[in-house]
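Working notes, beginning with the structure itself.
Nothing in this text is a laboratory measurement; each read-out follows from the coordinates by a stated rule. Here the structure is a predicted model, which is why all the values come from computation and not from measurement. Here Cβ is always computed from backbone atoms with ideal geometry, including for glycine, and neighbour counts include all displayed protein chains.
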Amino acid sequence: MPAIISKLDRCWGCISANWRAALIALLVANAGRAQTLDQQERCATQAKRAYQEIQASDLAEGKAIGVSEIDSNYRSHYNTKMGKCLMLVKKNRMLGAGNSSTTAYLIDANERRPYATYVWISQKDKKYWEVPPSACELDRSLREKKTCKTREEFDAFVAGYLEE
């Protein structure tokens with residue numbers, strides 16, 4: 001980047017005002033992109049650390065009550081609009097008596113503030129589509145909370161945070 005600026009300094013007067021504005025916009029856009037990549041990298045590191053801590057705690061608690069984890073994963077995202085590092089955690093577990101559960105939640109990786117929570121627990125003698133979620137809460141803010149009724153509603157809400 002300094003080499004480009006050096007060359008621009010030498011012939012700045014020979015470039016029209018429109019081209020100068022375009023070059024400045026390009027340089028500013030690239031600087032913003034580099035900052036966003038740095039924020040995303042820091043977010044990924046923080047989310048990994050938070051996930052490992054949450055995972056260790058959940059596994060210890062699960063072992064104590066006889067719950068086994070089938071699958072667990074996370075996805076991090078730096079939300080530029082909010083200036084927050086978010087992580088979406090998904091878990092599938094086997095509970096006692098042959099039941100299973102699916103949990104998903106969107107949290108701030110630094111503060112651990114929840115933005116959305118989804119919990120579904122299977123019921124014997126019922127098809128999965130016949131069982132509503134045990135919990136489904138969407139938190140736009142600390143004051144604005146909404147109960148959702150389906151996984152699709154949860155996913156749509158979360159997508160809004162992971163696309164900004």
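Quick notes
- So ALA116, is it out of contact with any Asp or Glu (no Cβ under 8 Å at 6 or more places or on another chain), surrounded by 12 or more Cβ atoms within 10 Å (Cβ to Cβ) and closer than 24 Å to TYR161 by Cα: no
- Extreme residue, surrounded by the fewest Cβ atoms within 10 Å (Cβ to Cβ), among residues of segment 121-136 that are in a strand (DSSP E or B) and touching a Phe, Trp or Tyr at 6+ places or on another chain (Cβ under 8 Å): ALA135
- Residue count for segment 52-105 under the criterion of being without any contact (Cβ under 8 Å) to a residue 40 or more places away in the chain and aromatic (Phe, Trp, Tyr): the result is 2.
- Identity of the residue in segment 119-133, free of Cβ contacts under 8 Å to residues at least 24 places away in the same chain and out of contact with any strand residue (DSSP E or B) (no Cβ under 9 Å at 6 or more places or on another chain), that ends up nearest to TYR161 (Cα to Cα): TRP129
- The set of residues in segment 71-106 being hydroxyl-bearing (Ser, Thr, Tyr) and under 18 Å from the mean Cα position of the chain (by Cα) consists of SER72, TYR74, SER76, TYR78, THR80, THR102, THR103, TYR105.
Table: residues versus (1) over 24 Å from ARG151 (Cβ atoms); (2) outside any strand (DSSP E or B).
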{"residue": "THR45", "(1), (2)": "yes, yes"}
{"residue": "ALA50", "(1), (2)": "no, yes"}
{"residue": "GLN55", "(1), (2)": "no, yes"}
{"residue": "ASP58", "(1), (2)": "no, yes"}
{"residue": "GLY62", "(1), (2)": "no, yes"}
{"residue": "ASN73", "(1), (2)": "no, no"}
{"residue": "TYR78", "(1), (2)": "yes, no"}
{"residue": "LEU86", "(1), (2)": "no, no"}
{"residue": "LYS90", "(1), (2)": "no, no"}
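- Residues of segment 137-152 that turn out to be under 17 Å from ILE107 (Cα atoms), part of a loop (DSSP other than H, G, I, E, B) and of a type in the set (D, E, K, R), as a count: 3
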